[in-house]
Amino acid sequence: MSIKVAINGFGTIGKRVADAVDAQDDMEVVGVTKTGPSFGCDLAVKKGFPLYCTFDDEDRIARFAEQGYECHGGLSALLAIADVVVDCSPGKLGAENLAKYKQADIKYMFQGGEKHALTGLSYTSSANHAENLNAQGTRVVSCNTTGLSRTLVPLYEHCGSLKVECTMVRRAADPGDSKKGPINAIKPVLKVPSHHGPDVITVKPEIEINSLAVAVPTTIMHLHTIIADLPDGHGLSTESILEMWSNTPRVIIMHGEDNRITTTAEVMEMARDIGRKWGDLHEIFVWEDGVNLIGNRLYYFQAIHQESDVIPENVDCIRALMGTEPDWRASVAKTDAAISAYYNC
Ligand code: NAD
């Protein structure tokens, strides 16, 4: 039986989650919401995703038809035909939307713009899929926390303990966003530590981690600089850590100098060559020649495509909430194979 998925908010994350769900054979998009008629509605129409209004009031619903779009009703009508709703609204609307999901008695997933306290449960595929099995609702953590989790969880699982200090060099805005900055400055996040590192603890509480963050004038990727202290007797080398990450799903390791891929610009050009829509890179990119284990201290850099690393995690999370795939590795393999086939990449 196909899982019926509603997408509430069809922006940067919502339109990508909709495509990734559409690629799977065990779930389907039963509708997506827009707040009103806009160019984003054309994509929903083109993909054949039924269009609903974010709100239930008749005036707002009527505006879609005035602009030539067929609107199937308000959010309540969509929630009534779905098994699970993926909330992709802008951050901080969670509490208001959660009340609607509870009233509709539907399973729900939020994104990283909401706090862990909203759901009391968070998710990444590799860290805590099992903990999320059959839950009523959860939160897929942010792009940065997802990226940290991808490389740190396998390290933790090998070592049994891990202390991490990291700096998030954050993109100022998404490419389609004209409202945020800075455009000619480096902006330190003065809340110290930043929320990114500690957010890993919501999915893997055993990892000791703190972070700083700075926003820089770029739109294409975040970059992390990471220092991890491994316990005595870890038995690892730089080479065996690279080998471990090579066998970790959704992590790409490439030699920067040998491949002439020394900045995030080339990483994203390589991503466009892969051929996924919007030039997305679901994987975390680690520079092989930027990894060095000196004694117990590991240094490395990784780059995060902020608009897309969480997308396949949302698909795995749907399976976790619905209890249809208890094995995270099996879900990841299924999700990624279906996405590759969908885009022929
Ligand atoms: P976005 O602004 O691109 O899209 C949000 C969409 O929701 C828009 O279409 C907006 O019109 C719609 N919307 C507005 N009010 C709404 C409401 N009350 N209910 C439902 N929808 C509403 O935002 P985004 O970048 O897609 O972010 C969505 C969530 O994903 C946020 O929690 C964000 O923090 C998180 N996230 C974003 C990124 C990123 O890089 N963009 C990465 C990871 C996680």
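The values are calculated or read from the model by the stated rules, or taken from the named source; none is laboratory data. Computed from a predicted model, the values in this text were never measured in an experiment. Positions of Cβ are generated from backbone atoms using ideal geometry, with glycine treated the same way; all protein chains shown enter the neighbour counts. Just so you know, the surface numbers come from the protein's heavy atoms only, side chains and all, with ligands and any DNA or RNA stripped out. Shrake-Rupley method; radii C 1.70, N 1.55, O 1.52, S 1.80 Å.
For the stretch 141-162, which positions are open to solvent by less than 20 Å² (accessible area, probe 1.4 Å) and assigned to a helix (DSSP H, G or I)? Answer for the stretch 141-162, where residues must be open to solvent by less than 20 Å² (accessible area, probe 1.4 Å) and assigned to a helix (DSSP H, G or I): 144, 145, 146, 147, 148, 149, 150, 151, 152, 153, 155. When the stretch 70-83 is examined, which residues are found to be more than 15 Å from residue 42 (Cβ to Cβ) and part of a loop (DSSP other than H, G, I, E, B)? Within the stretch 70-83, 72, 73, 74, 80, 81, 82, 83 qualify.
The single condition among (1) free of Cβ contacts under 8 Å to residues at least 60 places away in the same chain; (2) more than 26 Å from residue 36 (Cα to Cα); (3) open to solvent by less than 10 Å² (accessible area, probe 1.4 Å) that residue 182 does not meet is (3).
A quick yes/no check of all residues on (1) outside the structural domain of residue 25 (by TED's automatic domain parsing); (2) at pLDDT below 95; (3) among the aliphatic types (A, V, I, L, M):
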| residue | (1), (2), (3) |
| --- | --- |
| 250 | yes, no, no |
| 255 | yes, no, no |
| 259 | yes, no, no |
| 262 | yes, no, no |
| 283 | yes, no, no |
| 299 | yes, no, no |
| 324 | no, no, no |
| 328 | no, no, no |
| 338 | no, no, yes |
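Within the stretch 57-78, restricting attention to residues that are within 12 Å of the ligand (Cβ to nearest atom) and touching a Lys or Arg at 6+ places or on another chain (Cβ under 9 Å), which residue is farthest from residue 320 (Cα to Cα)? Once the filter is applied, the top-ranked residue is 74. Does residue 249 satisfy being within 20 Å of the chain's Cα centre (by Cα), open to solvent by 50 Å² or more (accessible area, probe 1.4 Å) and of a type outside the set (Lys, Arg)? No: the conditions fail for residue 249. Here the condition is being in a helix (DSSP H, G or I), among the polar types (S, T, N, Q) and either open to solvent by less than 60 Å² (accessible area, probe 1.4 Å) or touching a residue at least 60 places away in the same chain (Cβ under 8 Å) (or both); of 340, 308, it holds for 340 alone.
Of everything in the stretch 111-137 that is surrounded by fewer than 24 Cβ atoms within 10 Å (Cβ to Cβ) and not in a loop (DSSP other than H, G, I, E, B), the residue that is nearest to the ligand (Cβ to nearest atom) is 118.
Filtered by the rule that a residue be under 17 Å from the mean Cα position of the chain (by Cα) and either open to solvent by 30 Å² or more (accessible area, probe 1.4 Å) or away from the ligand (no atom under 15 Å from the Cβ) (or both), the stretch 185-197 gives 195, 197. Filtered by the rule that a residue be in a strand (DSSP E or B), under 19 Å from the mean Cα position of the chain (by Cα) and farther than 10 Å from residue 166 by Cβ, the stretch 216-246 gives 222, 223.
Looking only at the stretch 326-337, residues that are surrounded by 15 or more Cβ atoms within 10 Å (Cβ to Cβ), within 15 Å of residue 127 (Cα to Cα) and of a type outside the set (S, T, N, Q) come to 2 in all. Scanning the stretch 80-107 for residues that are within 12 Å of the ligand (Cβ to nearest atom) and buried (at least 20 other Cβ atoms within 10 Å of the Cβ) yields 85, 86, 87, 88, 89, 94, 97, 101.
Scanning the stretch 57-69 for residues that are exposed (fewer than 11 other Cβ atoms within 10 Å of the Cβ) and in a loop (DSSP other than H, G, I, E, B) yields 57, 68.
Within the stretch 25-36, residues that are under 17 Å from residue 77 (Cα atoms) reach partners that are open to solvent by 30 Å² or more (accessible area, probe 1.4 Å) and within 16 Å of the ligand (Cβ to nearest atom) with beta carbons closer than 6 Å, at six or more positions or on different chains, in the pairs 31/50; 36/63.
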